[in-house]
1. Which residue out of Glu274, Glu239 is within 22 Å of Pro189 (Cβ to Cβ) and in contact with a helix residue (DSSP H, G or I) (Cβ under 8 Å, 6 or more places away or on another chain)?
2. Collect the residues in the range 67-85 that are part of a strand (DSSP E or B), open to solvent by less than 20 Å² (accessible area, probe 1.4 Å) and under 23 Å from Val120 (Cα atoms), keeping them in residue-number order.
3. So Tyr62 clears everything in (1) over 25 Å from Pro302 (Cα atoms); (2) touching a residue at least 12 places away in the same chain (Cβ under 8 Å) except one condition, right? Which one?
4. Which count do you get for residues in the range 163-189 that are assigned to a loop (DSSP other than H, G, I, E, B), among the aromatic types (Phe, Trp, Tyr) and at pLDDT below 90?
5. Scan the range 228-284 for residues that are more than 28 Å from Arg336 (Cα to Cα) and among the polar types (S, T, N, Q) and report the count.
6. Taking the range 217-270 as the search range and keeping residues that are hydrophobic (A, V, I, L, M, F, W, C) and open to solvent by 70 Å² or more (accessible area, probe 1.4 Å), which one is farthest from Leu323 (Cα to Cα)?
7. Taking the range 72-88 on its own, how many of its residues are within 15 Å of the chain's Cα centre (by Cα) and closer than 25 Å to Ala113 by Cβ?
8. Suppose we keep only residues that are crowded, with 19+ Cβ neighbours inside 10 Å and under 23 Å from the mean Cα position of the chain (by Cα) within the range 44-66. Which one would you say is farthest from Glu130 (Cα to Cα)?
Amino acid sequence: MSFIKAKSLLIVVFCSSLFSFSFPIPSFAASVLAAWRITTNGVLKLRTKEGVPLDAFFQSGYANTGDRVWIDFPGELIQPRKIKGNGPIKEIRLGKPYKGNTRLVVEFEPYVALNPSKLVLLGTSPNLWELNFHDLNVNGLSDIGEGVLVKSSIDRSNLSSRNTSFNYSLSSSSLPSVQRNVYRVVIDPGHGGSDPGAIGINGIRENDIVLEISKDVSRLLKEKGVEVVLTRNKNIDLELTERVLIANRIRANAFISIHANATRGYRRDVNGIETYFFAGYRGKQLAKKIQREVLNVSSGSPDRGVRQSRFFVIKQTNMPAALVEVGFLTGRIDARRLSQKNHRRKLAYAISKGILNYLKGGY
């Protein structure tokens with residue numbers, strides 16, 4: 001094991017199947033890990049508090065387990081979570097290996113074989129780090145991460161400190177671009193009027209939540225040049241047949257119904273994201289792209305998958321259709337998030353990104 005210090009750049013070199021690089025670790029009340037991201041070219045980027053020590057490890061895969069790289073940070077993580085990977089990355093886990101520490105684990109698919117001699121955790125500034133997974137086959141790898149890697153000069157004094165993650169990407173300018181004035185999309189806020197839908201913790205109501213998210217989705221898509229029709233833009237009764245007729249009448253390219261989940265008995269341990277389609281390759285692709293993006297802004301909420309279903313509004317529409325459940329209003333994790341306006345904005349951004357990625361794919 002060796003390290004090189006030059007021009008304030010700290011380099012940790014991995015040398016064997018299981019090893020670490022350690023400094024004395026001070027006590028921190030909260031994790032020093034502020035943001036992380038794995039880019040499409042296979043680079044792990046980190047932002048931490050300035051001048052903090054890190055421990056880095058590599059372990060070869062065995063049996064059905066892939067190679068793993070993990071990094072330990074001073075300070076305790078508040079909410080352990082798992083995030084589904086893509087391409088060569090199986091899963092990312094954030095946890096508390098022991099009191100007072102945070103651990104970020106990147107586990108690769110079993111077919112991936114990393115070369116530990118090429119793994120270098122490089123400090124590029126007092127609070128920024130990079131680890132390049134050299135020679136990694138990045139087919140199918142899409143950007144995944146949490147938080148803002150480089151703070152901008154934007155004044156965020158009026159934003160809740162709890163919800164600054166992803167603020168950099170909540171405008172339409174950072175969304176995928178599609179040909180303007182070509183596509184027509186119907187956004188369907190579930191329930192409404194005398195039907196409030198699910199009632200969650202502290203009385204949070206599904207019809208209110210999904211209407212706000214749907215309006216934001218409509219705005220973002222319109223700013224990208226997509227024609228959008230909302231089945232309802234206020235809290236009114238609307239039959240399922242009317243929703244379907246709206247979409248079929250205008251011959252939309254896609255139909256997306258937005259809902260929030262609930263469990264019988266108000267089981268607070270049940271949380272998660274799921275998206276449904278009725279049939280067909282295009283419907284499934286639409287659901288998959290929305291599911292992926294919603295999961296990316298819902299760290300810690302389980303991935304309940306893309307599922308086939310016979311819901312009336314996605315069965316009777318004549319175009320690719322998906323129904324997304326953005327979380328459980330009765331779940332301990334999801335309800336707290338859904339009650340926060342900034343998280344609802346993230347969900348709208350994620351749904352919009354999924355729809356645009358679908359349209360961009362030419363399905």
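The values are calculated or read from the model by the stated rules, or taken from the named source; none is laboratory data. Only a predicted model underlies this, so the values are computations on that prediction, with no experimental measurement involved. Cβ sites come from the backbone with ideal geometry, for glycine too, and all protein chains shown count toward neighbours. Note: areas computed on protein heavy atoms with side chains; ligands, DNA, RNA excluded. Shrake-Rupley method; radii C 1.70, N 1.55, O 1.52, S 1.80 Å.
1. Glu274
2. Val69, Ile71, Asp72, Phe73, Pro74
3. Only one criterion is unmet by Tyr62, namely (2).
4. Looking only at that region, the number is 1.
5. 3
6. Here the answer is Leu245.
7. 5
8. Gly66
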